[in-house]
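For reference, the structure is listed below as structure tokens.
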Amino acid sequence: MEAYIKAIPAQYYSRLVLHTHYELALEYPLKGIHLTTRARQEPGLRQLLRQLLGRSISASLHSLAEVARHRRRYDYVFLSPIFDSTSKTDYRS
């Protein structure tokens, strides 16, 4: 992931949001991080978020109730699934 970041001109770093390898956001002046459900359960998350104060923090959420519960924590959220999944039979909209 770091090689990908280095391949991008530094003038664009402020537009990059990492969906994995969050520690790289501490080493490069990136826009922020996007948290998956699994990442939101990691024990060191609170400390990481403190270190990234002022950066964009987003998340993937899976219901409108979940969006309402988390609405002040994130700069923006992705809501899914919007439609019933064709690959996951129990993953309903």
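The values are calculated or read from the model by the stated rules, or taken from the named source; none is laboratory data. Computed from a predicted model, the values in this text were never measured in an experiment. Glycine gets a Cβ as well: all are built from the backbone with ideal geometry, and neighbour counts include every protein chain shown. To get the accessible areas, we keep the full protein, side chains included, count just its heavy atoms, and leave off ligands, DNA and RNA. Shrake-Rupley method; radii C 1.70, N 1.55, O 1.52, S 1.80 Å.
A 1.4 Å probe run over the chain, with the rest of the protein chains in place, finds 74 Å² accessible per residue. Taking 0.36 nm per residue of separation and subtracting the current Cα-Cα distance, fully stretching the chain between SER63 and TYR12 would add 15.1 nm.
Ignoring ligands, DNA and RNA, how do GLU42, GLU2 rank by accessible area with a 1.4 Å probe, largest first?
Values: GLU42 100, GLU2 65 Å².
Correct descending sequence by accessible area is GLU42, GLU2.
Stokes-Einstein, applied to the Kirkwood radius of the chain over Cα pairs at a viscosity of 0.692 mPa s and 37 °C, places its translational diffusion at 225 µm² s⁻¹. HIS21 exposes around 90 Å² of accessible area when a 1.4 Å probe is run over every protein chain in place.
Paramagnetic label reach from LEU26 (point 7 Å along Cα→Cβ; backbone nitrogen cut-off under 14 Å): within region 44-63, residues 44-53.
Surface calculation, 1.4 Å probe, protein heavy atoms: TYR28 sits at approximately 30 Å² accessible. Computed on the chain, with alpha-carbon pairs under 8 angstrom and 6+ residues apart, the relative contact order is 18 percent.
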